[in-house]
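Engineer: Have a look at this one before I ask anything.
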Amino acid sequence: MVVHRSPAHGFDLTELIESNSYDLTDFDPALVEFYHTESEGQLGIPFAVFPYFLMYNQDLFDEADLPYPPANYGDPYIDADGVEHEWNMETATELARLLTVDANGNDASMEEFDNTQIVQWGLGVGYTDMRGRDTLFGAGNLVDADGNAVIPENWRAAENWYHDAQYGDQAFHPSGAYAGSDLLAGGNWLGSGHVAMMPTHLWYMGWGTADLAAGWDLAAIPSNNGVTTAKLHADTFGIMRFTEHPQEAFTALSYLLGEQAETLATIYGGMPARLSLQPTFFERFTATLQEQYPNTNFDINWDVAVQALAYPDVPNHEEGMPGFLEATDRYAQYLQVVDNNADADVNAELDLLQADLQAIFDAASAGS
């Protein structure tokens, strides 16, 4: 749902914004910058955003006598003994282990825990690809500033963490074999009632919440190495680079992002990027969801979704890649190997992935 900033098609709006005196003061400057690239200019104006947040199953926390994760960014996690812990990946990992249970009722922190008989998982990062899931460990991209393939070190660390989370002695994350299983509601992990925490975007509310029978709420995304990254998805409208009528196109664009912004954002299910439209958004959004899913409770902490907009991933994980379709197919193949193989050598597979991506990028550049 993010806008893909493609050098082959995107029109730089900078001059049109200036010549039309287009007012950008109703947008967060960080969101305006989100659509700007050094090489291509301003490829969009903010329209609808889909913040990232941690959803959690209150019933599973209550059953384990564990306090809920922080409701605000910057707050610590306060454990059952009242001890404060920085809300980071280390704390989230330990909490996930306590919330992971095998068929005999042992949690993943216990010596008796059987990682081959898991019936409840503490954390699941779904509805995303490799690039999306790795942003839990910080922003990054598979293309460096020179257009070369790269596996960022924080993403390499993330991939090793995921594999251990799926197959380690204290495993707490669904492996590939469980991803689409009946136990996990065919892929709706949080909706299944068998996953305690799941980070996701606002767009999940439009369909995934239909199965949420348990009590639930929203919390902050944990930080990593002192940096918080709540990856951002956003929709907008742009102008094709080869247009013969840029001014007329900009007039239409201004109408869509101005007079029609609230109506269209509601249709798209996104939070309006315009600051003036945000105060009443969640009231209307909640009413719409409650009507659509009358058996789901939507009296939840929406404020943390707004707070997440201060922590977008820069560079965005979905920025374009040379040979995009072939490249995405290749890292999808990588995930099939590591997420379905307990014995996979993650670092070796990442090295092979980087080499293959480089070949794809080189071929795409040669053919352009």
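Each value in this text was obtained by applying a stated rule to the coordinates, not by laboratory testing. All figures in this text were calculated on a predicted structure; none of them were measured in a lab. Cβ placement follows ideal geometry from the backbone for every residue including glycine, while neighbour counts extend to all protein chains displayed.
Engineer: Give me the Å³ per residue figure for the convex hull around the C-alpha atoms of the chain. Don't skip to the end; give the middle numbers.
Structural biologist: Working: hull volume 51.3 nm³, N = 368.
Hull volume over Cα atoms, normalised by residue count, gives 139 Å³.
Engineer: Further question on the same structure: Given charges of +1 on the Cβ of Lys and Arg and -1 on the Cβ of Asp and Glu, with all other atoms neutral, how large is the dipole of the chain about its Cα centre, in debye to the nearest 20?
Structural biologist: 900
Engineer: When the distances between all Cα atoms of segment 15-140 are binned every 5 Å from zero, what whole-number percent does each bin get?
Structural biologist: 2, 8, 13, 15, 14, 12, 9, 7, 6, 6, 4, 2, 1, 0
Engineer: Go ahead and estimate [θ] at 222 nm for the chain from helices alone: -39,500 (n - 2.57) per DSSP H run with n ≥ 4, summed, over the residue count, rounded to 500.
Structural biologist: -10000 deg cm²/dmol
Engineer: On to the next question. Taking all pairs of distinct Cα atoms, average 1/r, flip it, and tell me the Kirkwood hydrodynamic radius of segment 178-336 in Å to one decimal place.
Structural biologist: Averaging 1/r across every pair of different Cα atoms and inverting gives 18.7 Å.
Engineer: If the chain between VAL83 and ASP329 were fully stretched, how many nm would it gain, using 0.36 nm times the residue separation less the Cα-Cα distance?
Structural biologist: Value of the extension gain: 84.1 nm.
Engineer: Could you work out the local net charge near THR200, counting Lys and Arg as +1, Asp and Glu as -1, over the other residues with Cβ closer than 14 Å to its Cβ?
Structural biologist: -1
Engineer: If each of ASN20 and GLN358 carries a label point 7 Å out from its Cα toward its Cβ, how far apart are those two points in nm?
Structural biologist: Placing both labels 7 Å along Cα→Cβ, they lie 4.4 nm apart.
Engineer: Along its principal axes, what span do the Cα atoms of segment 127-202 show, with the longest given first and each in whole Å?
Structural biologist: In descending order, the Cα extents are 44, 32, 18 Å.
Engineer: Can you give me the Kirkwood hydrodynamic radius for segment 78-226, using every pair of distinct Cα atoms, in Å to one decimal?
Structural biologist: 16.4
Engineer: How big is D for segment 101-167, in µm² s⁻¹ as a whole number, if Stokes-Einstein is applied with the Kirkwood radius of its Cα pairs at 4 °C and 1.567 mPa s?
Structural biologist: Working: Rh = 13.9 Å.
So the translational diffusion coefficient is about 93 µm²/s.
Engineer: Okay, next question. Once each part is reduced to its C-alpha centroid, what is the distance from segment 294-368 to segment 68-102 in angstrom?
Structural biologist: Here the answer is 26 Å between Cα centres.
Engineer: Then there's this: Using the Karplus curve 6.51 cos²θ - 1.76 cosθ + 1.60 with θ = phi - 60°, work out ³J(HN,Hα) for each residue of segment 186-193 in order, rounded to whole Hz, and write x for Gly and Pro.
Structural biologist: x, x, 8, 4, 5, x, 5, x
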